[in-house]
Every structure is written in structure tokens, then in C-alpha cells.
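The values are calculated or read from the model by the stated rules, or taken from the named source; none is laboratory data. Just so it is clear, the model here is predicted, and its values are computed rather than measured. FYI the Cβ positions are ideal-geometry reconstructions off the backbone, even for glycines, and counts take in every protein chain you see. Each accessible area value is taken on the protein alone, full model and side chains, heavy atoms only, with ligands, DNA and RNA left out. Shrake-Rupley method; radii C 1.70, N 1.55, O 1.52, S 1.80 Å.
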Amino acid sequence: QVQLVESGGGLVQPGGSLRVSCVASGSIFRANAMGWYRQAPGKQRELVATITSDGSTNYADSVKGRFTISSDNAKNTVYLQMNSLKPDDTAVYYCSVNIRPSTWSRPRDYWGQGTQVTVSS
């Protein structure tokens, strides 16, 4: 089985910074693209940022220049550094990793349980 565990969420004041992490563990033959998504109350889940296994990144327009996604492939870990946070960034942040569990299985997306990020004074 594959598990994704996020950490690092919390309460931060507007303009502050926070880093969230996500570690994938279990049966992992290969981890491919990794990403962060978020869901605010009453809204649909939206893409925040993704990173491929070769380091190519993609960001939502709303976070460009403020958020940075990175990964440690050896540790199957993905990070999201969030700077200049705004109240609109308040949401539950979920990581998603495309994983091939074994040589005989197809890759699929796995999701973490989410971590709350609240930006408020």
C-alpha cells in the first residue's frame, strides 16, 4: 500500500510564510509527477503547483512568484514553500503523487489527507 502524509500546515498572519511537506511511503516502485492542490470552504479543489520527476514546475497564476514547489525524489517527498501569504490562500492543502507501486502495476494518483493552512490576523 501507498500512503501520503502531509505536515506543516497551521495559522499564519498575512504576509507570512509557511512550508508544507508531503512524504510518500509504502510500496513505491517509481514516483512520477507530484503536486499540491487546495480546497477552500465552498469552493472546488484547485491546482496550486506541480513538479515532474525531471524538475519541471507549473503554478497556478494566483500563486506565481509567491509559492515554490520542490521535491526530494530519493525521499519521495514534495514541498511547498509559501511566501507572502494572503487570506485568500486559506484552504486545506492536499498533495498528490503519481506512483507506480510495482513493476507489474500501472501508475496512478495517490492523495494525502490534507493539511489546513489558515492566513489570518
If you roll a 1.4 angstrom probe over the protein chains with everything in place, what fraction of the accessible area of the chain belongs to carbon and sulfur, to the nearest %? 45
What is the calculated FRET efficiency for Ser62 to Asp109, with r their C-beta to C-beta distance and R₀ = 22 Å, to the nearest 0.05? 0.50
The answer for the chain, accessible area per residue at 1.4 Å probe in Å², is 54
Of the options Ala33, Ser105, Thr57, report the single residue whose Cα projects farthest towards the positive end of the charge dipole of the chain (beta-carbon charges: Lys, Arg +1; Asp, Glu -1). Ser105
In Å, what is the Rg of the alpha-carbon atoms in the stretch 9-71, and how long is Dmax? 13.4, 40
